[in-house]
Amino acid sequence: MRKLLFLFLAGSLTISAQDIVNFSYPVTKKVKQTDDYFGKKVEDPYRWLEDDNSEETKKWVTEENKVTNAYLSTIPFRDKIKSRLKELWDYNKQTPAFKRGDRFFWYQNNGLQNQSVLYTQKDTCCDKGEILLDPNTLSNDGTTSLNSISISKNSQHLAYGISKAGSDWVEIHVMDISKKTDLPDVIKWVKFSGIAWKGNGFYYSRYDEPKTGTYTSKNEYHKVFFHTVGTTQDKDVLIYESKEHPNWNFGVQTTHDERFLILYTSESTSGEMVMVKDLSKGNSEFVMISQTFQYDFQVVENIGSNLFVRTNWLAPKYKLVKIDMNKPQGDSWKDVLGEKADLLESVAFCNNKILGNYLKDVSSHLYLFKLDGTFEKEIPLPDYCKLNELHAERPSKFFTYSVVQFTSPSKNYIHTFTKEGRDTSMLTFKPKIDFKSEEYTTEQVFYESKDGTKIPMFITYKKGMVKNMNNPCFLYGYGGFNISVTPAFSASNAVFLEAGGIYAVANMRGGGEYGEDWHKAGTKCRKQNVFDDFIFAAKWLVANRYTNHNKLAIHGRSNGGLLIGAVMTQEPTLAKVALPTVGVLDMLRFHKFTIGRAWSVDYGNSETKEEFECLIKYSPLHNLKKGAYPATMILTGDHDDRVVPAHSFKFAATLQENTDGTNPALIRIDVNAGHGAGKPTSKQIDEFGDMWSFVFYNFNMNY
């Protein structure tokens, strides 16, 4: 048995001999498995853990969880942290209302409900409303969640997708809204799909029923169907498929007036081909708008035959173009909002004007334009905020939106236009939370990475914090897939802030904070830039006396889990605690499971020699060596069918084999949980409670 000595504190920081506990990891079987990559032999002795349905793997999960739970149970303040988390979480949360037909809809959570509840109100915006659909009634443990909803143009029907145990697989149901009753319609094996209404039915995308390996097998041959309300799934009409391209994925959208059907085709996580069909012309054919996967496109609105499209076509920071479907060729496109210095993150239409939501140094700014793109004014937003949601309709005289900051939860507003031009924004919802937001502050700094690139970082802490190099600090990062990590409030992080902690977010390359060039600078054989950006964020925090390496924890989820795995193997002394969560940790085989092959646009692929040579250099699983590592707790879910848990399983087994025992090397495997979406409140509190307990304990913090 591999041994580890660990310390537990019984209400005191004084350590005695009897406080030292002899601790053993489970023995993980090794098999002879060697792969040949372009002449290089790579061993994979824990390959058997990829079969998460085998009894042997299930037994391994049980044994690993026993070890982790035994460790966590010795932390004297574990229950106290979870109790405080529950208090902080227990506040009313509400999204801004959106209109469909003659009704308004929004989500609400009274605080500790496992899933948010869908409400509706006829005619009046932002009123008390009534419950339309409560997903908490769909399961006993809160693990069934609403994945997506779509409401028919006349607000007669609600199509809603439900996910079980955090899976990406979705089952679509249909409800009669006025009667609040479900119809017999049930659509299965839906994944990565929109729901796009047209008349008395909707378009959606799905796969064939998997023959084996529901949660791990490759997802291939996506198809688009049309479902008519009141019929069975076997009657659905196949609209589009590609038998020649098994890895293509299809997304569908109809314009607000239901005149145009937009079909997005992708083979990765960014860039798509786009085809448009005029549904008002009977049996019209699809017209190709984009014929390559080089650029991103999003149809925002149409006025007659003109489509308004947000795109990074010849504009890395995005622009809004107008395409006349009577002459849709690219040389006829017209810029409405040309590319600017800041990132055009989203666009909406309201009061026959254009709302442009821009990201300026990772903070939201909202501007109003005329339909021809002429600037009118800025609509004020708070500093260091994220425009969380914005709901608008082109003819409407108002729109609703919400904003969030690191120090306070999301607030809702309604902005009303008047004939006199004295439009105003009025607060419609402000949550009451047991957290003193006014006592905390956020600053933004710009530090130099290894190659001299300036990287932004948000730092949040209690006012009056002294830079004495002794503050506990928690550094979070993502850095991938063109995703921007923007200001957000977390009840979980509030526990750490209250205890005197510093919460830092580094906005590394690979993300979308500054557009497509920023994204590309952190992809494929440039992925090391992302890790360097994060490492230099940590070093900057230490050099500027915010913290020291023994009071630093590093955390990331999914692609961010890869980040933490890479950083802790490249710089084992950078941080005291590492928390790789649902991470992509085997960079040679990620493409062999579920939707993993779509990530090759960011990572590259081990089946290409040049890209293999880059991947093997940083793949966390393949760069673990004998030695000391940070106190590590790997977190994953046994039903994760996005980043399959085998990544975490194999990494944990290899880490436990190689660690010198200075610090714990644990894995926390959440049962009946997936990648994170739809995770019930109770499970979130439990997970974050264990995470913070682990951090506080290894920082020798009292709580």
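Here are the numbers:
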item	result
For G522, distant residues with modelled amide H under 5 Å away	G510
Peptides ranked, highest mean first, by Cβ atoms within 10 Å: ranges 552-559, 163-170	552-559, 163-170
Ranked list, fewest to most other Cβ atoms within 10 Å of each Cβ, for M175, M633	M175, M633
Prolate/oblate/rounded call for segment 124-185, Cα gyration tensor, a/c under 1.5 rounded	prolate
Cα lying deepest toward the dipole's positive end in the chain, options T416, F297, A315, charges on Cβ	T416
Set of lysines with alpha-carbon distance to K609 below 18 Å, sequence-local pairs under 8 removed	K40, K41, K524, K527, K592, K617
D_trans [Stokes-Einstein, Kirkwood Rh over alpha-carbon pairs] for segment 26-149, 20 °C, 1.002 mPa s, µm² s⁻¹	109 µm²/s
Fraction of beta bridges assigned by DSSP in the chain that are antiparallel (%, nearest 5)	85 percent
Positive minus negative residues near Q570 (Lys, Arg vs Asp, Glu; Cβ under 10 Å)	-1
Packing rank of 540-551, 410-421, where each peptide gets the mean count of other beta carbons within 10 Å, highest leading	540-551, 410-421
Whole-angstrom gap from segment 51-67 to segment 490-505, using each part's C-alpha centre	33 Å
Order of W60, W197 under a 10 Å beta carbon neighbour criterion, fewest first	W197, W60
Percentage of interatomic Cα-Cα distances in segment 172-315 larger than 23 Å	40 percent
Residue-wise HN-Hα coupling along segment 313-322, computed from phi with Karplus coefficients 6.51, -1.76, 1.60 (Hz; x: Gly, Pro)	4, 6, 7, x, 9, 6, 8, 10, 10, 10
At R0 = 51 Å, FRET efficiency that the Cβ-Cβ distance of D335 and S24 yields, to 0.05	0.20
Most to least packed among 24-30, 481-487 [average Cβ atoms within 10 Å]	481-487, 24-30
I131, I564, I195 arranged by Cβ crowding within 10 Å, fewest neighbours leading	I131, I195, I564
Relative contact order computed over the chain (Cα-Cα under 8 Å; 6+ residues apart), in percent	12 percent
Within the chain: Cβ-based charge dipole about Cα centre, in debye rounded to nearest 20 (Lys, Arg +1; Asp, Glu -1)	920 debye
Environment charge of P409, counting only residues whose C-beta is closer than 10 Å and scoring Lys/Arg +1, Asp/Glu -1	+4
Correct option for Kirkwood radius over Cα pairs in Å [calculated from the coordinates] among (1) 26.0; (2) 26.8; (3) 28.0	(2)
Net charge contributed by nearby residues that have their C-beta within less than 13 Å of T608 (K/R +1, D/E -1)	-1
Residue-averaged [θ]222 nm for the chain, counting only DSSP H segments that reach four residues, each worth -39500 (n - 2.57)	-5000 deg cm²/dmol
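Each value in this text was obtained by applying a stated rule to the coordinates, not by laboratory testing. A quick note: this is a predicted structure, and the numbers were derived from the prediction, not measured. Positions of Cβ are generated from backbone atoms using ideal geometry, with glycine treated the same way; all protein chains shown enter the neighbour counts.
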